[in-house]
Amino acid sequence: MVRRILHNFATRLATALLSFAIVWLTARYLGAAGRGAVSLFVTDCAVLLLFIGFLGGSSLIYLAPKHSIWSLLVPAYVWATVVCTAGTAAVGLLRQVSWPYLGHLWGLSLVQAFFTINTLLLLGRKKDGVYNLFTVLQVAILAGLLLLAFTGSYSWRAVTTYYYATYLAYGLPLILSWLVLLRLPDRWEAGHLLRATTRELASNSRGAHFSNILSFINYRLSYYFVAHYTGARAVGVLSVGVALAEAIWLIPRSAALIQYVDLVHATDKQAQVASTLRVARLSVLATVLAVLVLCALPPAVLVAVFGPEFGASRPVILLLAPGVAIMAINMICSSYFGGIGQYRVNNLATTLGLGVTIPACWLLIPAFGIRGAAAANTLSYLASTAYLVWSFKQTTGAGLRAFLPSFQDVKMALSKQLSS
């Protein structure tokens, strides 16, 4: 497991570095206002993709070992098309955006949805290597195309450049993922079996995905508050600080993903508790170290890298730091409860977090701007994590102290990796 987690971590590290390159390119060449426009578009796409999870998402991983992938793919694709169409129409009604914006929102959210469905099915069949490859490939294509467009001889520096680059970045890996799926031995199921699988997918997805939607709202609701009170430029500055801080989450997310897949396939769930705690302790240690390094960056570095407008991102990073660190425990606990099918715990935790996020954004952002947004996020993370740790103790008997790393954990992980 340690080797698989390290492989997944290496993939996420490469993805994070490439994502950092995308943030840098859009911030450096489009400015704070352009970066803010890109951030709001990405957030709109992500909102649409969240609702796709009501008939898919992590449930595709959960059910892929038990069913033909085609019985899962068909309803997931149909639902994705419905959600992207209805969601784009809702954005058009709720926000004052142009018709070209809505067209790109519909097209790109649909391509991303199909790509996500394909890769989750591959991960559900434990094709970790293919999943990792496609994940890195998608971000690498996007970063490469933006670099070419912004710095090449034509110098196409506009927000629309991001849209067209994203079409290619998701479209090409989508085609490749189809080729891999077609090579699997799965056969089409009869109509009545397809309907039964669809009902099971819908039932599982509702419980599994509700917390994901609330989590995303906790992560990104502040963007809309900041856009309303201070404008797109402030969103751009905030997004850089958030992107740098949340890049650290590749560490616990790598561990949580592998832990979740193993829990899904395990016959004895209780036997996985010790493994979960060991992984959690290493994740916490690595996350805290990464947070300390990030907090040590002076504003001059941010100005030199992103431009003079982005020195104000450092206070955002410092205020987000405690929440980013505590989320290492949050993600491991969430993957554990998801893997054993106790979605109610995750739902209650994210609901509690949202109950903190909304009043905190309403009170802090008008008064403190982007600093208030960062503080609101941290308060939300602390509240939801506290509930998850309490629930984990009620279920397994292991409390907060069990998540704190020791020298023995580090020594064990290093010895296993060296012996492999």
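The values are calculated or read from the model by the stated rules, or taken from the named source; none is laboratory data. What you are looking at is a predicted structure, and each value in this text was computed from that prediction instead of being measured. Positions of Cβ are generated from backbone atoms using ideal geometry, with glycine treated the same way; all protein chains shown enter the neighbour counts. Just so you know, the surface numbers come from the protein's heavy atoms only, side chains and all, with ligands and any DNA or RNA stripped out. Shrake-Rupley method; radii C 1.70, N 1.55, O 1.52, S 1.80 Å.
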Check your understanding: Hey, what's the per residue convex hull volume over the C-alpha atoms of the stretch 345-386, in cubic angstrom?
Key -> 43 Å³
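Based on the Cβ-Cβ distance from residue 98 to residue 406, what FRET efficiency comes out when R0 is 51 Å, to the nearest 0.05?
Details: r = 56 Å, r/R0 = 1.09.
Here the calculated transfer efficiency is 0.35.
Length gain on complete extension for the stretch residue 74 to residue 202, per 0.36 nm per residue less the alpha carbon to alpha carbon distance?
Values: separation 128, 0.36 × 128 = 46.08 nm, distance 1.26 nm.
Extra length from residue 74 to residue 202 when fully extended: 44.8 nm.
Once the Cβ-Cβ distance between residue 151 and residue 351 is put in as r, and R0 is 41 Å, what FRET efficiency do you end up with, to the nearest 0.05? Write down the numbers at each step before the final one.
Details: r = 45 Å, r/R0 = 1.10.
Taking R0 as 41 Å, the efficiency between residue 151 and residue 351 is 0.35.
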Revision key, fill the gap. Only helices counted: for the chain, with every DSSP H run of 4 or more residues adding -39500 (n - 2.57) and the sum spread over all residues, [θ] at 222 nm is -29500 deg cm²/dmol
Practice item. Treat each spin label as a single point 7 Å out from the Cα along the C-beta direction, and report the residue 368 to residue 168 distance in nm. Key: 4.3 nm
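Over the stretch 54-153, what portion of Cα pair distances is larger than 19 Å, expressed as a whole percent? Please list the in-between numbers first.
On the way: 2729 of 4950 pairs.
Distances greater than 19 Å cover 55 percent of the Cα pairs.
If packing is taken as the average number of other Cβ atoms within 10 Å across a peptide's residues, how do 392-404, 222-234 rank, most packed first?
Values: 392-404: 14.6, 222-234: 19.0.
So the peptides 392-404, 222-234, ranked by packing, come out 222-234, 392-404.
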Point to revise | Rounded to the nearest 10 Å², the accessible area of residue 186 at probe 1.4 Å | key: 30 Å²
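Where the accessible area of the stretch 91-203 is counted over protein heavy atoms with a 1.4 Å probe, how much of it, in %, is carbon and sulfur?
Values: 4080 of 6110 Å².
That share works out to 67 percent.
Students sometimes get this wrong: rank 181, 364 by accessible area, probe 1.4 Å, all chains present, largest first.
The ranking, largest first, comes out as 364, 181.
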Exercise for review: At a 1.4 Å probe radius, which order do 94, 72 fall into by accessible area, largest first?
Suggested key: 94, 72
**Study point:** GNM top mover of 150, 114, 54 - the chain, alpha-carbon springs below 10 Å
**Key:** 150
**Study point:** Surface per residue (accessible, 1.4 Å probe) for the stretch 335-391, Å²
**Key:** 39 Å²
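Show me the helices of the chain, taken as full DSSP H stretches, that run 30 Å or more along their long axis by Cα and average -0.5 or above in Kyte-Doolittle hydropathy. Could you put the intermediate results ahead of the total?
Details: long enough: 2-52 (42 Å, 1.21); 69-94 (36 Å, 1.68); 99-124 (37 Å, 1.08); 128-151 (34 Å, 1.70); 159-182 (36 Å, 1.28); 191-229 (52 Å, -0.13); 273-295 (32 Å, 1.99); 313-339 (36 Å, 1.34); 343-368 (36 Å, 1.05); 370-396 (39 Å, 0.34).
Helix filter hits for the chain: 2-52, 69-94, 99-124, 128-151, 159-182, 191-229, 273-295, 313-339, 343-368, 370-396.
With an 8 Å Cα cut-off and a minimum separation of 6 or more residues, compute the relative contact order for the chain in percent.
22 percent
Work out the P(r) tail for the chain: percent of alpha carbon pairs separated by more than 35 Å, whole number. Numbers along the way, then the final one.
Values: 22787 of 87990 pairs.
The calculated P(r) of the chain puts 26 percent of pairs beyond 35 Å.
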**Study point:** Förster radius 35 Å - calculated FRET efficiency between residue 342 and residue 176 (Cβ-Cβ, nearest 0.05)
**Key:** 0.50
Revision key, fill the gap. Expected unfolding gain across residue 229-residue 396 under the 0.36 nm per residue rule, minus the alpha-carbon gap, is 55.7 nm
**Study point:** Residue among 93, 79, 119 farthest towards the positive dipole end of the stretch 12-150, charges placed on Cβ
**Key:** 119
Check your understanding: Once the Cα atoms of the stretch 114-202 are picked out, what are the Rg and Dmax in Å?
Key -> 17.4, 57
